[in-house]
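The structure appears right after this line, and notes come after that.
The values are calculated or read from the model by the stated rules, or taken from the named source; none is laboratory data. Note that this is a predicted model, so its numbers are computed, not measured. Here the Cβ is made from the backbone with ideal geometry for all residues, glycine too, and neighbour counts use every protein chain on show. Surface areas here come from the heavy atoms of the whole protein model, side chains and all, with no ligands, DNA or RNA. Shrake-Rupley method; radii C 1.70, N 1.55, O 1.52, S 1.80 Å.
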Amino acid sequence: MNRPITEGNTLEEVLREIQSRERLLVTSHARPDGDAIGSVLGCTLVLRAMGKKADAVLHDGVPRIYRSLPHTNEVLRCSSINGDYDAAIILECDSTSRTRLEGLEKLFLISIDHHASARDFANVNWIESHAAATAEMVFRLAKGAGVKITPEMATCLYTALLTDTGSFCYKGTDVTTFALAQELVGLGADPVKIAQAVYFANPTSKMRLLGAALSNLQRKGNLTWMWVTREDMFRTEAREEDCEGLVNYALGIEGVEVAVFLREIAEGRFRVSLRSKGALNVAAVAETFGGGGHECASGFSIEGPLATATATILGCLHKHGYGK
Ligand code: 5GP
Ligand code: MN
């Protein structure tokens with residue numbers, strides 16, 4: 001599609017585009033995190049409440065820790081678009097390629113995102129980097145559309161808010177974050193049940209993988225790094241999704257400002273997660289490697305072998321004054 005891209009669209013413009021369409025596909029990035037899952041499910045329910053036909057489609061499906069959320073069994077897991085859609089809403093994702101879904105390009109695209117590294121790639125781009133989660137924007141969309149927020153919607157959106165703020169711990173968490181959480185709980189999200197599902201129902205493989213990662217933990221001054229190889233993944237019977245959040249253990253050390261986590265993927269490449277306590281903008285660092293994210297949480301992929309990839313990343317962080 002020859003795409004007329006407009007920059008910096010508003011909620012009202014997004015609503016207008018949605019209202020003039022009937023069949024919508026809702027998706028997010030591959031390897032979805034809590035915000036991707038909660039926003040996609042929440043947005044799909046909001047669209048249906050608006051009288052639209054909406055399908056949630058995710059290349060990698062729903063990770064186990066989020067399977068107890070409502071309607072996860074309806075999420076379509078596929079790598080190319082099947083079906084007749086009038087538009088696709090891409091949540092929390094800075095490109096069509098990060099969705100890993102083929103065939104999106106031919107649709108009218110609406111991007112809703114809160115990443116610091118977000119770009120205008122869709123026909124309509126609503127970007128608010130101050131939103132605590134993309135779910136906060138979905139919440140505003142629902143309100144703007146006059147949709148009555150159900151307990152199911154509130155559950156999905158609260159899960160996204162909880163996980164994307166690191167359980168209300170990350171930089172940027174403020175009175176508005178708690179006000180939104182309060183509103184969602186008031187609308188029927190159960191914070192205890194959600195926390196138990198997300199944080200106290202980990203698969204055993206994730207804990208074993210954490211052990212492998214921690215046994216590789218290295219530290220130099222205010223910088224830590226650790227990794228898992230494909231052999232570690234195989235031995236612990238871990239899945240890709242079991243890596244989510246492991247990097248936080250490397251950051252959670254006194255005096256550490258920046259943490260790096262590397263996971264070996266196919267063809268000698270590595271997926272990298274960067275985390276910061278706030279002094280360093282790791283989104284900017286990730287962008288220099290072709291990735292992106294938030295000021296305090298970002299990611300990218302890099303060519304191996306491990307020693308070379310690590311040296312390149314540490315060299316870059318060293319230039320920024322970390323790991324001395
Ligand atoms: P994680 O380290 O948990 O995979 O990702 C941390 C944050 O950075 C998330 O907000 C995620 O969406 C973003 N991120 C991770 N990898 C990439 C990437 O390759 N490109 C972009 N643009 N963002 C990424
Ligand atoms: Mn997010």
Check: Only one of Val138, Val192, Val228 is farther than 27 Å from Leu314 by Cβ and over 19 Å from the mean Cα position of the chain (by Cα); which?
Finding: Val192
Next item on the list: May I ask you to list the residues in the range 93-134 that are in contact with a Phe, Trp or Tyr (Cβ under 8 Å, 6 or more places away or on another chain) and within 15 Å of ligand 1 (Cβ to nearest atom)?
Entry: Asp94, Ser95, Thr96, Ser111, Ile112, Asp113
Checklist line | Those residues of the range 266-277 which are in contact with a Gly (Cβ under 9 Å, 6 or more places away or on another chain) and not polar (S, T, N, Q), in sequence order | finding: Glu267, Gly268, Arg269, Phe270, Arg271, Val272, Leu274
Item checked: Scope the range 37-76; condition assigned to a helix (DSSP H, G or I) and β-branched (Val, Ile, Thr); matching residues -> Ile37, Val40, Thr44, Val46, Ile65, Thr72
Notebook entry, point to check: Can you tell me how many residues in the range 81-120 are in a loop (DSSP other than H, G, I, E, B) and either farther than 24 Å from Lys52 by Cα or under 15 Å from the mean Cα position of the chain (by Cα) (or both)?
Noted result: 13
Note to self: Here are the criteria: (1) within 16 Å of ligand 2 (Cβ to nearest atom); (2) at pLDDT 95 or above; (3) open to solvent by 30 Å² or more (accessible area, probe 1.4 Å). Tell me which single one His294 does not satisfy.
What the structure shows: (2)
Notebook entry, point to check: Do you know which residues across the range 1-32 are away from ligand 1 (no atom under 16 Å from the Cβ), open to solvent by 50 Å² or more (accessible area, probe 1.4 Å) and at pLDDT 95 or above?
Noted result: Thr10, Glu12, Glu13, Arg16, Glu17, Gln19, Ser20, Glu22, Arg23
Next item on the list: Check whether at least one residue in the range 144-156 is under 17 Å from the mean Cα position of the chain (by Cα) and aliphatic (A, V, I, L, M), and report yes or no.
Entry: no
Notebook entry, point to check: Inside the range 132-157, can you point out the residues that are within 14 Å of ligand 2 (Cβ to nearest atom) and not in a loop (DSSP other than H, G, I, E, B)?
Noted result: Thr134, Ala135, Glu136, Met137, Val138, Phe139, Cys156, Leu157
Check: In the range 33-42, is there at least one residue being out of contact with any Asp or Glu (no Cβ under 9 Å at 6 or more places or on another chain) and either outside the structural domain of Lys106 (by TED's automatic domain parsing) or open to solvent by 30 Å² or more (accessible area, probe 1.4 Å) (or both)?
Finding: no
Next item on the list: Name every residue in the range 271-291 that is buried (at least 22 other Cβ atoms within 10 Å of the Cβ) and small (Gly, Ala, Ser), in order of residue number.
Entry: Ser273, Ser276, Ala283, Ala286, Gly291
Check: So which residues in the range 63-92 are farther than 21 Å from Glu17 by Cβ, away from ligand 1 (no atom under 16 Å from the Cβ) and open to solvent by less than 50 Å² (accessible area, probe 1.4 Å)?
Finding: Leu69, Pro70, Thr72, Val75, Cys78, Ser80
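Answer yes if at least one residue in the range 285-300 is more than 20 Å from Thr173 (Cα to Cα), aliphatic (A, V, I, L, M) and assigned to a loop (DSSP other than H, G, I, E, B), and no otherwise.
First pass over the range 285-300, keeping only residues more than 20 Å from Thr173 (Cα to Cα): 285-292, 299-300.
With aliphatic (A, V, I, L, M) added as a condition, the list becomes 285-286.
With the extra rule that they be assigned to a loop (DSSP other than H, G, I, E, B), the set shrinks to none.
No, the range 285-300 has no match at all.
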